[in-house]
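K.L.:
Before anything else, here's the structure in question.
The values are calculated or read from the model by the stated rules, or taken from the named source; none is laboratory data. From a predicted model like this one, the values you see are computed outputs, not experimental measurements. Here the Cβ positions follow ideal geometry from the backbone for every residue, glycine too, while neighbour counts run over all protein chains shown.
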Amino acid sequence: MSKPKIRFKGYEEDWEQRKLGDVTELKSASRVHKGEWTDSGVPFFRSSDVMAAINGTTNEKAYISEELYEKLSNASGKLEEGDVLVTGGGSVGNPYIVPNNEPLYTKDADLLWIKNQGRFYPYFLYEYFFSPTFRIYLSSISHVGTIAHYTITQLSETPISLPDIEEQIKVGEYFESLDRLITLHQRKCEETKKLKKYMLQKMFPQNGKRVPEIRFAGFTDDWEQRKLENIVEVCSGRDYKHLEAGNIPVYGTGGYMLSVSEALSYDVDAIGIGRKGTIDKPYILKAPFWTVDTLFYCICKEGHNLNFVYDIFQNINWKAMDESTGVPSLSKTTINKVKTLIPSYLEQEKIGKYFSCLDKLITLHQRKYEELQKIKKFMLQNMFI
């Protein structure tokens, strides 16, 4: 087949099947020894830098001197805007587009260099390296499921189907827009998580104080100390295997498991906290629900706001209360004895609502991120050959 399943309107010509080495010039840089790295100068790019760019993380920077850069570039040439680098070591076969003409040098066999020379649209080639076609090829030249190196010879032999440059631009720009959206929701999700973590520290009393550093206007009273046994009723989960299939969700420490015909709580929401296994990931359980015997469910007593108490549970260092030398464990007694500080119910409501809104934002961005990832995966399968 020489046509993709999904194309932009107006494009009908077959794609040309080539090998990368026949399309454009492939190169690798001259060797730079670690002793030649410097604290500043010309950025020295490695496979770990490419992976950091793909994953949106940071990586410790490396540099070489301008003098060494000029010397090596005279022999190997200089990277130019639109060239594509591909990891040849570490996590192999991952791409990076050179963003501009500023000086940049790369680690020899660690990064393979595809010269653009106007032969391809950079983002089209970039996305090709994420396509099933390329990943299948990479797997076919690997050994026992892994590949230590992706060589310049293997890069040269890599099969690729190319449309004309106009269609390449259309496809590349589509995926570029999709990647921007994915990055946006990923960043918003992480930023909101960081904000929540910060506010959980600032809106709850710390270091023996009776009031938090940040409060809603109109609240000035000290918070009162109480044990969790005065705030929640800790209930045990039970085995569900005797139940028939139904529409009542069953939860374990890892979240939803399946659905059954009966509930432990039909109309009262609760907080789930692990009895055994994962003991430091509390979450809200919406009624009706059933929990397995490794998950406690904690029902708020009168005068306590569920969302606020959930925030308290997130602030507790549950791992420090682990009662086992093997699989992490908590008991009802341990949970009940935990001391915390509580404000008035009205202030509980305000704080609980604030963090509930943050949780909804986090869930929204996470869901959008996952949906866009699924769309990208589908389109990579159908817009490349």
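K.L.:
Read through the list (1) within 28 Å of the chain's Cα centre (by Cα); (2) within 24 Å of residue 257 (Cα to Cα), then give the number of the only condition that residue 320 fails.
P.N.:
Checking residue 320 against (1) within 28 Å of the chain's Cα centre (by Cα); (2) within 24 Å of residue 257 (Cα to Cα), the one that fails is (2).
K.L.:
Please state which one of 270, 245 is of a type in the set (A, V, I, L, M, F, W, C), surrounded by 15 or more Cβ atoms within 10 Å (Cβ to Cβ), under 29 Å from residue 370 (Cβ atoms) and assigned by TED's automatic domain parsing to the domain that holds residue 338.
P.N.:
270
K.L.:
Also, I was wondering about something else. Considering each residue of the range 189-215, count those that are loosely packed, with under 12 Cβ neighbours inside 10 Å and among the aromatic types (Phe, Trp, Tyr), and give that number.
P.N.:
Counting residues in the range 189-215 that are loosely packed, with under 12 Cβ neighbours inside 10 Å and among the aromatic types (Phe, Trp, Tyr) gives 1.
K.L.:
Taking the range 169-200 only, how many residues are closer than 21 Å to residue 351 by Cα and touching a residue at least 40 places away in the same chain (Cβ under 8 Å)?
P.N.:
Residues flagged as closer than 21 Å to residue 351 by Cα and touching a residue at least 40 places away in the same chain (Cβ under 8 Å) within the range 169-200 amount to 7.
K.L.:
When the residues of the range 303-341 are filtered to those that are hydrophobic (A, V, I, L, M, F, W, C) and farther than 23 Å from residue 203 by Cα, which remaining residue is surrounded by the most Cβ atoms within 10 Å (Cβ to Cβ)?
P.N.:
Here is the first cut: in the range 303-341, the ones hydrophobic (A, V, I, L, M, F, W, C) are 306, 308-309, 312-313, 316, 318, 320-321, 327, 330, 335, 338, 341.
Still in the list and also farther than 23 Å from residue 203 by Cα: 321, 327, 330.
Working: 321: 17, 327: 11, 330: 21.
Residue satisfying both the conditions and the ranking: 330.
K.L.:
Which one is farthest from residue 126 (Cα to Cα), of the residues in the range 355-385 that are crowded, with 17+ Cβ neighbours inside 10 Å and among the aromatic types (Phe, Trp, Tyr)?
P.N.:
355
K.L.:
With in contact with a Gly (Cβ under 7 Å, 6 or more places away or on another chain) and either modelled with pLDDT of 95 or more or in a loop (DSSP other than H, G, I, E, B) (or both) as the only criterion, which of 116, 100 stands out?
P.N.:
On the way: 100 fails: in contact with a Gly (Cβ under 7 Å, 6 or more places away or on another chain).
Just one listed residue meets the conditions, 116.
K.L.:
Check 108, 49 and return the single one that is in a helix (DSSP H, G or I) and out of contact with any Asp or Glu (no Cβ under 8 Å at 6 or more places or on another chain).
P.N.:
On the way: 108 fails: in a helix (DSSP H, G or I).
Unique residue meeting the criteria: 49.
K.L.:
From the list 8, 45, exactly one residue is surrounded by fewer than 16 Cβ atoms within 10 Å (Cβ to Cβ) and outside the structural domain of residue 381 (by TED's automatic domain parsing). Which is it?
P.N.:
Details: 45 fails: surrounded by fewer than 16 Cβ atoms within 10 Å (Cβ to Cβ).
So the residue among 8, 45 that is surrounded by fewer than 16 Cβ atoms within 10 Å (Cβ to Cβ) and outside the structural domain of residue 381 (by TED's automatic domain parsing) is 8.
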